[in-house]
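These notes are about the structure you will find just below.
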Amino acid sequence: MEMTSSIMRFALATYFMKRGGSSRPVQSDYESLSPSPSYEPSFASSDEEESQDVDSEFSDVVSTHVSNLRQLLAGQRLQEWAIGIAELREHVAVNNLVRSLVAVLVKMIKAQEEDMDCLVQVIEGLSFEENGEPSKVFNQLVEALSHYCKDKDARVAIWMEQTVDAVLHRLWQYHKHRFGTTN
């Protein structure tokens, strides 16, 4: 049963990649870090499904949390980064906010392209537990991301491609580690 679940996850990710790509309030110990001054949440976008009633409070919490994560990543504070990712994963899972989270991240990409690398790593981190297994929100993330496959904004398309590549790479590593290599 567990192998079937892993194969299904891999199939979903492969389907998502083929369909979408041309080539393939959280409190924490580090919340005292101030948000990066380069990021100002200006989510003025009128595209399709992004206006899913993502309230501004949630957007602010996510943007602040991502800003804190960016600072932790830049400072090579990887243990705290992992804790922050785990907190965000838990929060969106418990409150059923995965789709809203992805909508906020897409808005952030459109507002501030420099966040792209960090946001790719955020999705990758949310998709997998520290032990490498796909997380409990993996399937929800794939589904939420699939809604933006046809987004006409080039920044979103590039982010989607990089995100899919990163997640598929990690999924392949997990599969290879768990089930051995197949030739």
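The values are calculated or read from the model by the stated rules, or taken from the named source; none is laboratory data. For clarity, every value in this text was computed on a predicted model and none was experimentally measured. Every residue, glycine as well, gets a Cβ built from its backbone with ideal geometry; the counts of neighbours run over all protein chains shown.
Taking GLY84, is it closer than 23 Å to ARG178 by Cβ and at pLDDT below 95? Spelling it out, it is not the case that GLY84 is closer than 23 Å to ARG178 by Cβ and at pLDDT below 95.
Being assigned to a loop (DSSP other than H, G, I, E, B) and closer than 21 Å to SER67 by Cβ is the filter here, so list the residues in segment 100-136 that pass it.
Filtering segment 100-136 for residues assigned to a loop (DSSP other than H, G, I, E, B) gives 112, 129-133, 135-136.
If the condition is that a residue be assigned to a loop (DSSP other than H, G, I, E, B) and closer than 21 Å to SER67 by Cβ, then GLN112 is the only one that fits.
Residues of segment 69-99 that are part of a helix (DSSP H, G or I) and basic (Lys, Arg): ARG70, ARG89, ARG99. Just checking, which of LEU119, LEU97 is touching a His at 6+ places or on another chain (Cβ under 9 Å) and either at positive phi or of a type outside the set (Asp, Glu) (or both)? Just a single option satisfies the conditions, and that option is LEU97. Residue by residue through segment 92-107, note down the ones that are surrounded by fewer than 19 Cβ atoms within 10 Å (Cβ to Cβ) and not β-branched (Val, Ile, Thr). Listed by number, the residues that qualify are ALA93, ASN95, ASN96, ARG99. State whether one or more residues within segment 20-41 are modelled with pLDDT of 90 or more, of a type in the set (S, T, N, Q) and over 14 Å from the mean Cα position of the chain (by Cα). No, segment 20-41 has no match at all. Consider segment 137-183 and keep the residues that are part of a helix (DSSP H, G or I) and aromatic (Phe, Trp, Tyr). The one that is modelled with the lowest pLDDT is PHE179. Taken over segment 128-183, residues that are within 17 Å of ARG89 (Cα to Cα) and of a type in the set (Asp, Glu) amount to 4.
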